[in-house]
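The values are calculated or read from the model by the stated rules, or taken from the named source; none is laboratory data. Only a predicted model underlies this, so the values are computations on that prediction, with no experimental measurement involved. Quick reminder, even Gly has a Cβ in these numbers, built from the backbone with ideal geometry, and neighbours come from all protein chains shown. These area figures cover heavy atoms from the full protein model, side chains too; ligands, DNA and RNA do not enter into them. Shrake-Rupley method; radii C 1.70, N 1.55, O 1.52, S 1.80 Å.
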Amino acid sequence: MKYAKDNIQEIKADVFKPSRRDFLKAGSLLSGGLALGVSFWSCDSKGAKTALFEPNVYLTIGTDGIVTIMAHRTEMGQGIRTSLPLVLADELGADWEKVNIEQALADEKYGDQNTDGSYSIRMFYKPFREAGATARQMLVRAAAAKWKVNEDECSTAKSEVLHTASGKSISFGELVEDASKLEVPEASEIQLKAVEDFELIGKATPIVDGHNIASGKAVYGIDAAVEGMKIAVVKRCPVVGGSVVSFDAEKAKAIPGVLEVIEIKGPGLPATLSKPLSGVAVIAENTWAAIKGREALEVEWDLGPNATYDSDQQIAELKESVKKKGTDRRVRGNFTQAKASAKKVIEHTYVAPHLAHATMEPPAALAVVKDGKCEVWAPTQNPQGARDVLAEELGMEKGNITIHVTLLGGGFGRKSKPDFIVEAALLAKESGYPVKVTWTREDDIHHDYFHALSVQRVVATIDSQNKLSGWNHHIAYPSISATTDTSVLQPSVGEMMLGAIDFAYQVPAIQIETHDAKSHLRVGWLRSVRNIPQAYAICTMLDEVAEARGMDPVQNILDLLGEDQNLTFAEEITDGGYPNYGESIEDYPWETARMKAVIKKVAEDANWGRKLPSGSALGFAAHKSFLTYVACIVEVKVNGSSVEIPNVYYALDCGTGVNTDRIKSQFEGGAQFAASFALKSAITFKEGRVVQNNFDGYEIIRMPESPKNIHVHIMESTAKPTGVGEPPVPPFAPALANAIYAATGKRIYEMPMKW
Amino acid sequence: MAEYTLKINGKSYTTNAPEDMPLLWVLRDLLELRGTKFGCGAGLCGACTVHLEGAAIRSCSFPVSAVGSQAITTIEGLSENGDHPLQKAWQEHGVPQCGYCQTGQIMNAAALLKQNPKPSETEVEKAMQGNLCRCGTYTRIKSAILSVSND
C-alpha cells in the first residue's frame, strides 16, 4: 500500500508568492541593472524607441503616454488578461480605455505564470496593487516637484496627475522622464487606494479581447503561423505506456502534400505529466494532407501492460474494495463506536466515470527550432513549465527558448501539460521545418490527461439524539501522482484536500479512508479536480442525512456547521497536515460564518421552500473549494427520464470581487460545465483504449438542455480575494441530484445521472 | 488535385486542393482565413460554421468540390469592421469566455436571424443546438441573439 506524501505544490506546481522585493528586483533585471528597477531610454535616432518609465516588470509608460500592462497569466476564458491588469490600472489611475495589454513571454521575472488552481487573483492582487501604487506615487512626486506643491495635494485619474487646488493637470507621458529618475519608494511608503476610491476593482469590466473574438481576429494556438510552416498530425499508441514496434510510411508518403513521417519516442511508463506519447507523426503541407497521411500510415504497436484495462471492470472492483478497511487519512473520535450506538445508519456508494477536458480548441502548438534556439507559440497554461521541459527534451539552455503564449480555446487543466508542445518542438528539430502540431478531436478524446473515475462509499450514523454522530468516507480513484510514479495507488494529501479531508461539519466521529486504485491512463486535473466526486458524495449524502433527521436540507447544513468559528483540520489528518490550497490556515481560515452567510443568501434568492408544481423541485448543496465559499440551489422540472433546469442560484464569497462580470460568467459557465458531466459525459476504456471518439460519443451539454437562468450573488467583502474559476463546479451536480430526488423520490448515486 | 475559384466574402480566391479537402482547411490552411475554427471535424460542434449562400454549413464536413460558384461568407466577411449587430451584441452581453467557439456561434446565429428575424427562445435553442460551448456561455448567447431580434 502506497500513497504519495506530496502536497498541492506537487500537483499544481510551485505556489510562488512574489513579494514587492521580488518584482522590484525583477524589474531591475529587465532594465539592465539600473538602480531600483527604474529604466529610462532616450529616443534613438530613428525615434523608434520612446522613453519608458518602467517601475516594475508589469508596467511601462511611454513618453507618448501609452500605459502598457503585462498580462503574465494565461487567458483561457476566465478573463485574467483583463481582470489582473485592471487592478494595476486602478491603483495607478490609468485611463483604462487607453491601456495597452501585452501578453508576457515565459520568464521568471514576472513571478509565477502557472495559470492553474484558481489562484491568479489570489496571488497577484496585492502585488499588482502595489505595482500600480508605486508608479502612481512616483508620477505624483515628479508632478509635485514640477509644480512645487505638496504631493498629498495631488492625485491621478485618466492617466494624468491632478492638482485639485490649482486645477493643474499633466499627462503621465510628460512625467516619464522625471519619474524615471526618482527612487522607487520603500514598501512602507506605498499607500494603497481606499476601497471607496476604486474605479475598476469591484465593478464589471468587459474583457479586452471582446472585439477580436467577435470578429474572428483573436489568435489561439491553433491559429499560430509562420512562413514555411508545415502541419503535423500524430498517430499515437492507443494504449498508455505502449510503444512503436515498426511502421510503414510508404502509403502515407504517397498522399499528395505529405513531406515526412517521423517517430516520436514516448517514455513508456510512467507516462509523465509532460512527455509526448509514443507515436508516429505525419508532417504535411496542410492539415488535411496530414490527416489523410495518418490514415494511410501503418504502425505496429507494442501495447504494453495496460492493454487489458477495462474501466467498467475497475469500477466493479473498486466497489468491492471500498467496503473494506482502508488507509486512515483523517480521524476524529471513534467511528466504530458511533456506528455501534447509532439509531440509524445510512450507507451508499457513489460512482463517477473518467472525464475528458474536451477544450473546444484541441491541443495545438507551433515550434521553430533553428540555430540552437527554439521559439514556440502555444496555448499553454504553464509557459515556464513548458519551457523547462523543452530545455530538457531539446538539450538546450532555457535562455534559448522563447515561449509566446497565445489565447487558449479553453484550458480546464488540460493545457497545463506541455506534451503537445514537446511534440511540435521535437518534430521541428528533426524535420528542420517550422511545425505546427494539431490534435484532431479524436486525438483529444483518446489521449487526454483524464479526470480519473472515482468510487466512494459513505457511511453516516445518526444517534438517539437525532444528531449526525459519525461520518465514514471511503475513497478510491487513480491518483494524479501515478502519472509520474506508477507505484502510487492511493490519493495524495493534495487530492484529499480537495473537498474530502476538509469535511467541515460538526460530527463527533470522522473517519476518512482511502483504498488502492491502480492507474492505467494518464490522469491529470480537470476544473476543480477531486472536488467533483468528493463534493458529490458528501453533499448528496448530507441531503439524505437531512431527510433521516426530519430536517430541511438547508437547516440541516446550517445546524451541522455549528457555531461561528474558524476550523482547523491539521491535527486530525494522518499524513502531514492540511495544505489549504497552498496558503496558511491563519491567512485564509475556514470560516463557518462565511459559509453560513452564502447558504442563507442563496436560500433567500431562490426563495427556498417555495411551492412548485408536481415534477418540479429545488435542490441544495454547499461546498468550499479553492478558498471560496459557494452555495448552490438548482431548480428542476423532471419529465420522465429528462430534466429541464429553469434556474440555478449561486451565492459566493470570494473575498474582494475584482471583476464582478467575470466572476458571474465563471459561475454561469461553471454550472454548464458541471451540467455536462452530471448529465452527459463519460469516458470508458475497453482493452486499454478509449471507447469514445468525438462529441457524439463523449457528449457535452447543448443549449436546449442547458440551465436556462443562472443567478449569481457575490457577497460584499473586503477580505483577501480568492479564486472563482473552479469553485462553481463542485456544488452544482449534488444540488441537481438533490433536486431530482425532491422531484421524483429517486436518489442518484452515479454520474452521468440516470433516474 | 484541382483548381478551385471560390467566392469568399465578396472576393475571388483561386487555389489548388484535393476535391475531398473540407472547406475548413481550404479557408484556414490555404487561404489563411483563420477566424473559422476547427472543433471536431465531423459536424458535431459548429465551431467551423460559415455561410453558403447565406445558410449555415459546417465547413469541416463540406468538401471544397461541392462549393462551386456559391458564395461563402466567413466571420471575416460578416461585417466590415466587426460591427454586425450580433457582433456588437456579443460584446455588450459579455458573451465570450475563451471565445474559441464564438465565431461559429455568431455565424450560426446570423444565418438563423436571416431566416427568422424574430425567433422565439425555443427556436433560438433549437437553431443553436449544433454549436457547442465548453465554457458554458449559452445563457448569454441566447440573450445576445434575442436582444438583436427584438431591436
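Can you tell me the relative contact order of segment B:2-77? Whole percent, Cα pairs under 8 Å, sequence separation 6 or more. Provide the component values of the computation, followed by the final result.
Values: 152 pairs, mean separation 28.8, N = 76.
Once normalised by length, the contact order is 38 percent.
Ignoring ligands, DNA and RNA, please state the percent of accessible area on the protein assembly as shown from carbon and sulfur, probe 1.4 Å.
Details: 15090 of 31590 Å².
Of the solvent-accessible surface of the protein assembly as shown, carbon and sulfur hold 48 percent.
What is the ratio of the Cα radius of gyration of chain A to 2.2 N^0.38 Å, with N the residue count, to two decimals? Spell out each step's value before the answer.
On the way: Rg = 27.3 Å, N = 755, 2.2 N^0.38 = 27.3 Å.
Against the compact-globule rule of thumb, the ratio is 1.00.
State which stretch of chain A is the longest one without any exposed GluC sites (Glu not before Pro), exposure meaning a DSSP loop state and at most 15 other Cβ atoms within 10 Å.
Working: sites that count: A:Glu183, A:Glu186, A:Glu227, A:Glu397, A:Glu563, A:Glu586, A:Glu687, A:Glu716.
With a cap of 15 other Cβ atoms within 10 Å, the longest stretch comes to A:1-182.
Checking the cross-link filter: which aspartates and glutamates have an alpha carbon closer than 18 Å to that of B:Lys126, excluding same-chain neighbours under 8 positions apart?
A:Glu644, A:Asp696, A:Glu699, A:Glu705
Compute the signed sum of charges (Lys and Arg +1, Asp and Glu -1) over the other residues within less than 9 Å, Cβ to Cβ, of A:Ala157. Working shown, then result.
Working: positive: A:Lys158; negative: A:Asp95, A:Glu160, A:Glu199.
Here the count lands on -2.
Please list the non-local residues whose amide H lies under 5 Å from the amide H of B:Ala71, H modeled 1.01 Å from N, same-chain partners needing a gap of 5 or more.
B:Glu53
Identify all lysines with a Cα-Cα distance to A:Lys265 below 19 Å; exclude those on the same chain that are fewer than 8 residues away in sequence.
A:Lys235, A:Lys275, A:Lys417, A:Lys429, A:Lys436
Can you list the HN-Hα couplings for segment A:343-355, worked out from phi with the Karplus curve (6.51, -1.76, 1.60; θ = phi - 60°), rounded to whole Hz and with x for Gly and Pro?
Using θ = phi - 60°, the values come out as 7, 8, 10, 10, 9, 8, 10, 10, 10, 9, x, 4, 10 Hz.
Defining a contact as two alpha carbons under 8 Å apart and six or more residues distant in sequence, what relative contact order in percent does chain A show? Intermediate results must be reported in sequence, preceding the final value.
Details: 1848 pairs, mean separation 107.3, N = 755.
Relative CO of chain A lands at 14 percent.
Provide the per-residue ³J(HN,Hα) series for segment B:55-72, in order, calculated from phi with Karplus coefficients 6.51, -1.76, 1.60 and θ = phi - 60°, each as a whole number of Hz, with x at glycine and proline positions.
9, 6, 10, 8, 5, 6, 10, 10, x, 4, 5, 8, 6, x, 9, 5, 7, 10
For segment B:1-98, which GluC sites (Glu not before Pro) are in a loop by DSSP, counting at most 16 other Cβ atoms within 10 Å?
Details: sites: B:Glu3, B:Glu19, B:Glu32, B:Glu53, B:Glu76, B:Glu80, B:Glu92; in loops: B:Glu19, B:Glu32, B:Glu53, B:Glu80.
The qualifying sites are B:Glu19, B:Glu32, B:Glu53, B:Glu80.
Under a 5 Å amide H to amide H cut-off, with H placed in plane at 1.01 Å, what residues pair with A:Gly268 once short-range neighbours are removed?
Result for A:Gly268 returns A:Ser278.
Would you report the distance distribution of C-alpha pairs in segment B:2-77 as whole percents per 10 angstrom bin, up to the bin with the largest distance?
That works out to 21, 62, 16, in percent per bin.
Which order do A:Ile207, A:Ile512 take by accessible area at a 1.4 Å probe, largest first?
On the way: A:Ile207 35, A:Ile512 0 Å².
Order by accessible area, largest first: A:Ile207, A:Ile512.
Can you say what percent of the DSSP beta bridges in the protein assembly as shown, counting only those with both residues inside, are antiparallel? Round to 5. Walk me through the numbers before you get to the answer.
Numbers: 103 of 134 bridges.
Just about 75 percent of them are antiparallel.
Before anything else, pin down the relative contact order of segment A:213-348: Cα pairs under 8 Å, at least 6 apart, normalised by residue count, whole percent. Each step should come with its number before you reach the end.
Working: 197 pairs, mean separation 36.6, N = 136.
Reported as a whole number, the value is 27 percent.
For segment A:246-330, run through the trypsin sites (Lys or Arg not before Pro) and keep only the ones in DSSP coil with at most 11 other Cβ atoms within 10 Å of their Cβ. Intermediate values should be presented prior to the final figure.
Working: sites: A:Lys251, A:Lys253, A:Lys265, A:Lys292, A:Arg294, A:Lys319, A:Lys323, A:Lys324, A:Lys325, A:Arg329, A:Arg330; in loops: A:Lys265, A:Lys323, A:Lys324, A:Lys325.
For trypsin sites (Lys or Arg not before Pro) across segment A:246-330 that sit outside H, G, I, E and B with at most 11 neighbouring Cβ atoms in 10 Å, the list reads A:Lys324, A:Lys325.
Each residue of segment A:329-338 in order: what ³J(HN,Hα) in whole Hz does its phi give by Karplus 6.51 cos²θ - 1.76 cosθ + 1.60, θ = phi - 60°, with x for Gly and Pro?
Once θ is set to phi - 60°, the couplings for segment A:329-338 become 10, 8, 9, 9, x, 10, 5, 4, 5, 4 Hz.
If you find the alpha carbon centre of segment A:627-644 and of segment A:253-319, how far apart are they in angstrom?
One Cα centre to the other: 39 Å.
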